[in-house]
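The values are calculated or read from the model by the stated rules, or taken from the named source; none is laboratory data. Note that this is a predicted model, so its numbers are computed, not measured. Positions of Cβ are generated from backbone atoms using ideal geometry, with glycine treated the same way; all protein chains shown enter the neighbour counts. For accessibility, only protein heavy atoms count, side chains too; no ligands or nucleic acids. Shrake-Rupley method; radii C 1.70, N 1.55, O 1.52, S 1.80 Å.
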Amino acid sequence: MARPPLPLLLLALGLATAAKSPYQQVLQHSRLRGRQHGPNVCAVQKLIGTNRKYFTNCKQWYQRKICGKSTVISYECCPGYEKVPGEKGCPAALPLSNIYETLGVVGSATTQLYSDRSNLRPEIEGPGSFTIFAPSNEAWASLSAETLDSLVSNVNIELLNALRYHMVDKRVLTDDLKHGTTLNSMYQNLPIQIHHYPNGIVTVNCARLLKADHHATNGVVHVIDKVIATTTNTIQQIIETEDSLENLRTAVAASDLNSLLESEGQYTLLAPTNEAFEKIPPETLNRILGDPEALRDLLNHHILKSAMCAEAIIAGLTMETLEGTTLDVGCSGEELTLNGKPIIANKDILATNGVVHFVNELLIPDSAKTLFELAQESEVSKSTDFFRQAGLSSHLTGSERVTLLAPVNDVFKDGLPIIDSNMKNLLLNHIVKDQLSSKYLYHGQKLQTLGDKELRVFVYRNNLCIENACIAAHDKRGRFGTLFIVDKMLTPPTGSVMDVLKADHRFSTLVAAIQSAGLTENLNRPGTFTVFAPTNEAFQAMPQGELNKLMGNAKELANILKFHVADEILVSGAVNALVRLKSMQGDKLEVSMKNNVIHINKEPVAESDIMATNGVIYAVNSVLQPQASRPQERGDEPADPALEIFKQASALSKVSQRNPRLAPVYSRLLARMRENSG
């Protein structure tokens with residue numbers, strides 16, 4: 001017979017591997033870790049100080065932790081094998097016997113004993129095909145004395161029925177134990193719930209499978225860590241019968257979620273107890289209970305989309321709620337945690353349509369919170385205090401659809417600014433009309449504020465900014481408002497580039513130069529400019545001869561000034577590494593960040609993000625020079641435009657005349673101008 005081609009053989013092997021269940025995958029990993037100790041040896045992780053053991057995946061193996069607690073590695077025979085004296089590993093398969101005999105071999109001698117007492121033994125010794133989920137010896141020992149007495153005092157009915165509920169009348173291996181399925185037990189066909197989780201843990205009515213797939217002549221034995229009980233109640237029925245869930249019962253009825261919690265499915269309800277509701281401030285609770293949408297979001301935030309038994313959680317994982325948000329479900333030793341807090345009071349109350357865990361804190365989702373509540377719980381709590389002191393609380397607590405641009409607390413590390421009418425107006429410009437989502441913002445979008453200002457949106461490769469303030473964290477979307485956490489206080493534009501430069505005495509020489517070079521109209525028109533504006537100090541720092549030449553040649557002056565202007569808006573929050581801008585002169589400008597200071601062509605910027613309606617201005621204390629100077633026409637005498645520059649500079653600022661370096665140049669130019677006029 002011809003052998004199949006190698007590629008087809010490899011494909012078949014790959015498909016076989018892919019078809020393995022999660023349990024079989026972690027078992028295979030344990031085999032690989034134990035193979036150095038001989039054949040059929042499995043490595044298991046054992047929680048220090050307990051008898052709890054786990055077959056684990058690669059991640060848990062390297063972390064050496066289960067539920068945050070340290071583990072030790074031990075090596076034992078893989079399921080179905082045993083040691084042989086004098087030989088390495090576990091070379092021998094366990095002898096194949098009936099289920100009754102197998103129970104004694106696999107660590108469930110108590111189940112074997114009770115099978116004998118209840119007269120189940122003849123059935124599991126005889127012919128047939130059965131599966132038994134056999135509680136371990138420790139599982140029986142952990143039952144309360146009252147429960148155990150009720151079983152053993154009536155062995156022919158209670159104990160027999162309990163054992164038959166652990167049985168299925170067919171052979172079921174772990175690969176057949178599919179997540180979210182049910183098996184009909186041999187006690188009145190009542191269902192047994194199966195969950196097979198991605199981490200390899202399999203649960204049976206939330207009892208963990210410890211040792212699986214032990215074959216017998218008349219079936220298969222799986223050892224589990226609990227004695228399981230029948231369940232006939234839905235999640236809704238559990239809510240209705242549990243006294244500690246009275247407040248939850250009222251809330252569910254008001255939100256019309258009864259039908260969902262009675263329906264078929266596999267949910268996890270994190271059921272807030274009466275105590276949990278009582279911890280919430282009355283005004284907050286009454287607001288939510290009186291708002292049908294907020295109430296529904298609150299309750300859906302407590303319902304996970306799949307059934308999650310406590311035994312399946314051996315490390316942190318993120319679970320999606322019906323509300324569409326996520327919760328971090330984890331564990332710390334024996335305790336389950338939600339978002340890192342051990343608030344689960346009672347776990348694994350099984351229902352026909354899922355599982356219930358009681359929680360002693362109410363989990364309020366962002367979608368049910370006011371803007372004030374969102375901000376108080378985040379890194380912008382100082383901002384909310386600022387808005388409150390300014391008398392703007394109503395915008396943060398009411399039903400107005402707005403978006404709050406809230407600076408992070410670090411912005412106010414030196415204290416909150418003094419609140420006057422100007423500051424209050426500025427804060428109003430941090431509140432945008434309409435409830436926005438940052439993922440729908442686009443470059444060039446205009447936003448209207450409650451202070452009647454228009455803010456621009458800038459989208460960069462590494463940041464999303466509104467004017468000079470860039471979004472520093474994910475949105476928090478509340479009931480009526482959205483919180484944008486930003487990295488600085490917003491400075492809305494007050495005029496065009498030329499308006500801003502004229503209003504700042506530091507730029508009087510630059511303004512005169514721009515006017516003389518004929519660039520005023522350019523910088524007044526609508527546009528998107530980034531201007532690296534040399535201060536008066538920058539011009540004063542130039543060598544005298546170079547300054548004279550520059551001021552005496554209008555064409556060269558215009559060329560130099562254009563090199564300071566780029567035709568796109570770049571705010572400082574968009575500068576992460578190196579950003580290159582094309583100047584209006586044609587050469588490139590290199591903008592970088594070093595030690596939290598913006599640099600332009602390696603020169604530090606004195607002030608960033610001076611916002612204008614048609615651009616942004618950076619104050620620089622040096623005049624930038626193009627890398628490759630172009631030949632310029634120069635005369636022996638200063639050109640007339642130079643005289644105009646200093647006439648205008650004089651009108652704008654007396655500082656130029658008093659400066660010891662600029663004054664001689666200014667005097668000579670005035671004298672020449674008088675000679676020419678004579």
Inset, instruction - Take every Cα pair under 8 Å in segment 497-620 that's 6+ residues apart, average their separations, divide by the length, and report that relative contact order as a whole percent. - result: 28 percent
Inset, instruction - Starting from the Cα of ASP414, step 7 Å along the direction of its Cβ; do the same at SER150; then give the gap between the two resulting points in nm. - result: 7.1 nm
Inset, instruction - Calculate the dipole size of the chain relative to its Cα centre from +1 charges on Lys and Arg beta carbons and -1 charges on Asp and Glu beta carbons; express the result in debye to the nearest 20. - result: 2500 debye
Legend entry - Integer Hz, Karplus 6.51/-1.76/1.60 couplings in order for segment 597-613, x for Gly and Pro: 10, 6, 10, 10, 6, 6, 9, x, 8, 7, 8, 10, 6, 8, 7, 10, 5
Legend entry - HIS505 accessible area, assembled protein chains, probe 1.4 Å, Å²: 140 Å²
Inset, instruction - Pull up all non-local amide H partners of ILE224: gap of 5 or more, or a different chain, and H-to-H distance under 5 Å with H placed in the peptide plane. - result: ALA134, SER136, LEU210
Inset, instruction - Quantify, in whole percent, the carbon and sulfur part of the accessible surface of the chain (1.4 Å probe; protein heavy atoms only). - result: 50 percent
Legend entry - DSSP-assigned coil residues among GluC sites (Glu not before Pro) in segment 208-278, each with at most 16 further Cβ atoms within 10 Å: GLU264
Inset, instruction - Using 0.36 nm per residue of separation minus the Cα-Cα distance, give me the extension gain between ASN51 and ARG461 in nm, one decimal. - result: 142.3 nm
Legend entry - Relative contact order (%) - the chain, alpha-carbon pairs under 8 angstrom, separation at least six: 8 percent
Inset, instruction - Output ³J(HN,Hα) for segment 259-271: one whole-Hz value per residue in order, computed from phi by the Karplus curve 6.51 cos²θ - 1.76 cosθ + 1.60 with θ = phi - 60°, and x for Gly and Pro. - result: 4, 4, 6, 9, 7, 5, x, 9, 10, 10, 9, 8, 7
Inset, instruction - Beyond 22 Å between alpha-carbons counts as too far, so tell me which of LYS555/LYS602; LYS382/LYS453; LYS562/LYS602; LYS305/LYS439; LYS59/LYS226 fall in that bin. - result: LYS555/LYS602; LYS382/LYS453; LYS305/LYS439; LYS59/LYS226
Inset, instruction - Would you work out which of THR50, VAL565, GLY104 lies farthest towards the positive end of the dipole of the chain, given +1 charges on the beta-carbon of Lys and Arg and -1 on that of Asp and Glu, about the Cα centre? - result: VAL565
Inset, instruction - Would you tell me the accessible area of PHE358, worked out with a 1.4 angstrom probe on the heavy atoms of the protein chains, in Å² to the nearest 10? - result: 20 Å²
Inset, instruction - Decide, for segment 26-78, between rounded, prolate and oblate: order the square roots of the alpha carbon gyration tensor eigenvalues as a ≥ b ≥ c, take rounded if a/c falls under 1.5, and otherwise choose prolate if a/b is larger than b/c, else oblate. - result: prolate
Inset, instruction - Take the alpha carbon gyration tensor of segment 423-472, find the square roots of its eigenvalues, order them as a ≥ b ≥ c, and report rounded if a/c is under 1.5; if not, report prolate when a/b exceeds b/c, else oblate. - result: prolate
Legend entry - 5 angstrom amide H check on ASN468, placed H, neighbours 5+ away: THR491
Inset, instruction - Quick one: which residues, 5 or more positions from ALA606 or on another chain, have an amide H under 5 Å from its amide H? H modelled 1.01 Å from N in the peptide plane, none for Pro or chain starts. - result: ALA619, VAL620, ASN621
Legend entry - Span-rule helices in the chain, defined as complete DSSP H runs reaching 15 Å or more along the axis (Cα) with Kyte mean at least -0.5: 6-18, 640-652, 662-677
Inset, instruction - Would you mind classifying the chain by shape? Square roots of the alpha carbon gyration tensor eigenvalues, ordered a ≥ b ≥ c; an a/c under 1.5 is rounded, otherwise it is prolate if a/b is larger than b/c and oblate if not. - result: prolate
Inset, instruction - Report, in deg cm²/dmol and to the nearest 500, the calculated mean residue ellipticity at 222 nm for the chain, where each DSSP H run with n ≥ 4 adds -39500 (n - 2.57) and the sum is divided by the residue count. - result: -8500 deg cm²/dmol
Legend entry - For segment 202-209, 3J(HN,Hα) per residue [Karplus equation, 6.51 cos²θ - 1.76 cosθ + 1.60, θ = phi - 60°, Hz, x = Gly/Pro]: 10, 10, 10, 6, 6, 8, 7, 6
Inset, instruction - Using the heavy atoms of the protein chains and a 1.4 angstrom probe, tell me the accessible area per residue for the chain in square angstrom. - result: 47 Å²
Legend entry - Solvent-accessible ranking of THR403, THR613, largest area first, probe 1.4 Å: THR613, THR403
Inset, instruction - State, in angstrom, two size descriptors of segment 342-479 derived from its alpha carbons: Rg to one decimal place and Dmax to the nearest whole number. - result: 18.7, 62
Inset, instruction - Sort by residue number and name the cysteines in the chain that have no neighbouring cysteine Cβ under 4.7 Å. - result: CYS58
